[in-house]
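K.L.:
Can you keep this structure in mind? I'll have questions shortly.
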Amino acid sequence: MVALVTMGFVKDAKAHIDVQGFNVYHKNRLIKPFWRLWNAAGSDGRGVIGVLEANFVEPAHDKQGFERTNVLSRLEARLVQMQKTYWSTYCHKIGYAPRRRPKKGEDR
């Protein structure tokens, strides 16, 4: 299963507004607007939004969510990972302090 995910910052991200999440479409119908998967304790993830077409996931009968399946769980985990990576790579461009991961063997 392949899904093209487009990620970026919301237009007013430099104002540090608390909007984040993914707009998930199924057959060109918006099913989950600004689906927030990662709730970080601090400001991490703030302003990161993404768009994807998830035709491989079955929508619920009311078309306002998705059926809880293994495929959906794997999609959620992958989207969280993508959002964390995007945030740590580009957060300095909107005014947050750069995130740095310690290298292997480096003391904290």
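K.L.:
State the percent of C-alpha pairs, over all pairs in the chain, separated by a distance greater than 18 angstrom.
P.N.:
So the portion of pairs separated by more than 18 Å is 52 percent.
K.L.:
Another question, if that's okay. Scan around K32 for amide H atoms under 5 Å from its own, H built in the peptide plane at 1.01 Å from N, and keep only partners 5 or more places away or cross-chain.
P.N.:
Here the answer is V24, since their amide H atoms fall under 5 Å of that of K32.
K.L.:
Leaving out ligands, DNA and RNA, and with a 1.4 Å probe, what % of the accessible surface on the chain is carbon or sulfur? Walk me through the numbers before you get to the answer.
P.N.:
On the way: 3650 of 7400 Å².
Within the chain, the accessible surface is 49 percent carbon and sulfur.
K.L.:
Also: Among the trypsin sites (Lys or Arg not before Pro) in segment 1-50, which ones are in a DSSP loop with at most 11 other Cβ atoms within 10 Å of the Cβ? Mind listing them? All intermediate terms of the calculation are to be shown ahead of the outcome.
P.N.:
Numbers: sites: K11, K14, K27, R29, R36, R46; in loops: K11, K27, R36, R46.
Passing both the DSSP loop test and the Cβ count: K11, K27.
K.L.:
Now, a different point. Per residue, how many Å² of accessible area does the chain show with a 1.4 Å probe?
P.N.:
Accessible surface, normalised per residue, equals 68 Å².
K.L.:
Find the Rg to Rh ratio for segment 1-58, where Rh is the Kirkwood radius over alpha-carbon pairs and Rg uses the same atoms.
P.N.:
1.02
K.L.:
If you don't mind, another one. Determine the gain in length on full extension of the stretch V19-K63; use 0.36 nm per residue of separation and subtract their C-alpha separation, reporting nm with one decimal.
P.N.:
Gain on stretching V19 to K63: 13.5 nm.
K.L.:
Restricting to the chain, compute how many DSSP beta bridges are antiparallel as a %, nearest 5.
P.N.:
65 percent
K.L.:
May I ask you to rank H16, H92, H26, H61 by accessible area, largest first, using a 1.4 Å probe over the protein chains only?
P.N.:
Result, largest first: H61, H92, H16, H26.
K.L.:
How much FRET efficiency would the formula 1/(1 + (r/R0)^6) give for L4 and R100, where r is the Cβ-Cβ distance and R0 is 22 Å, rounded to 0.05?
P.N.:
The value I calculate is 0.15.
The values are calculated or read from the model by the stated rules, or taken from the named source; none is laboratory data. Keep in mind that this is a model prediction, so the values were computed, not measured. Here the Cβ is made from the backbone with ideal geometry for all residues, glycine too, and neighbour counts use every protein chain on show. For accessibility, only protein heavy atoms count, side chains too; no ligands or nucleic acids. Shrake-Rupley method; radii C 1.70, N 1.55, O 1.52, S 1.80 Å.
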